[in-house]
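Input: a single structure, listed below in structure tokens.
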Amino acid sequence: MPDLQLPDINLHYEIDGSGPPLILIAGMLSDSASWGPLIAPLAAKHIVIRPDNRTTGRTTPSLAPTAPEQNARDILALMDYLDIPKAHIIGHSMGGYIAAELAALTPERVNTLTLLCSAPINLPRSWHLFQSFCDIRKSGPEGLWLRSLFPWLFHHRFFDKPEQIEGAIAASLAYPHVQSMNAMQHQLDALKRYDPQGLIQRIKAPTLALLAQSDLIVPYQEALDLLGQITQADIQTIQNAGHSIHWDAPQAVLDALIPFLKEHSDEHG
């Protein structure tokens, strides 16, 4: 269980595999465990590093100051600690904000940028949506907030098998490092303050953006228009996938991602 002691947090991270370094940055409410379907295939060719963002997982304290820019600086410190001069950076959803901030902050340290169901756009609608989940969690029966959240995350085919839904809810409730209610609200309050305006113009790295055909959280056309402003952007749409694109369609994500990483890998990154 590796950790890095920083001035105000103890940053937990997981590390697997060997090869050019690759950093996976989880989205809202998620931590290093959220990358499940992609870990083994990527670790076959890469050193895969998965930090727990502030407020999540085993990074402590859970109520330390947080913001996408701060999380990006944490990852840069982790790269320094692990003696990684340059890495492929992949972010999902809010993790894409962090990944993009890192790419803008230190472009010389970013080999490639991959955004999964993410674009530097922060909509008040998203704040209201996640605040509803927080409020349900505060006052509703155990697990009700997850039942409310899942239709926003997964493709409708996920719900064709009731046992799959119940299994996912049971696994979420049993997860030993689940984000606390207070940390969930703390992370959301930070999201409400985040302003990514102007970030897109600062991204210079080769970028792969994978959008989901059935994403209910990131508006497709707005994301497409914004991501199209990145000079070196390859934007692809994954069919039959919702916001949790790497769970709904892991093979389709890998089919796009692995050739992209191979094209831009060298002995340094």
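Here, each number is a calculation from the coordinates, and none is a lab measurement. These numbers were taken from a predicted model, which means no experiment stands behind them.
Observations
- With 0.36 nm allotted per residue and the present C-alpha distance subtracted, the Q197-A170 stretch has 5.9 nm of extension available.
- Multiplying the residue separation of L216 and D80 by 0.36 nm and subtracting their alpha-carbon distance yields 45.3 nm.
- Rg to Rh quotient for the chain, alpha carbon positions, Kirkwood Rh: 0.93
- Fluctuation leader among E222, E101, E163 - the chain, Gaussian network, Cα springs under 10 angstrom: E163
- Amide H contacts of I25 (H built 1.01 Å from N, in plane; Pro and chain starts excluded): I90, G91, H92 sit under 5 Å, all sequence-distant by 5 or more or on other chains.
- Evaluated over region 1-145, the Cα radius of gyration and Dmax, each in Å: 15.4, 48
- Screening the chain for DSSP H helices whose Cα atoms reach 15 Å or more along their own axis and whose mean Kyte hydropathy is at least 0.0 gives 94-105, 162-174, 250-263.
- The chain - mean residue ellipticity at 222 nm from DSSP helices (-39,500 (n - 2.57) per run, n ≥ 4, rounded to 500): -12500 deg cm²/dmol
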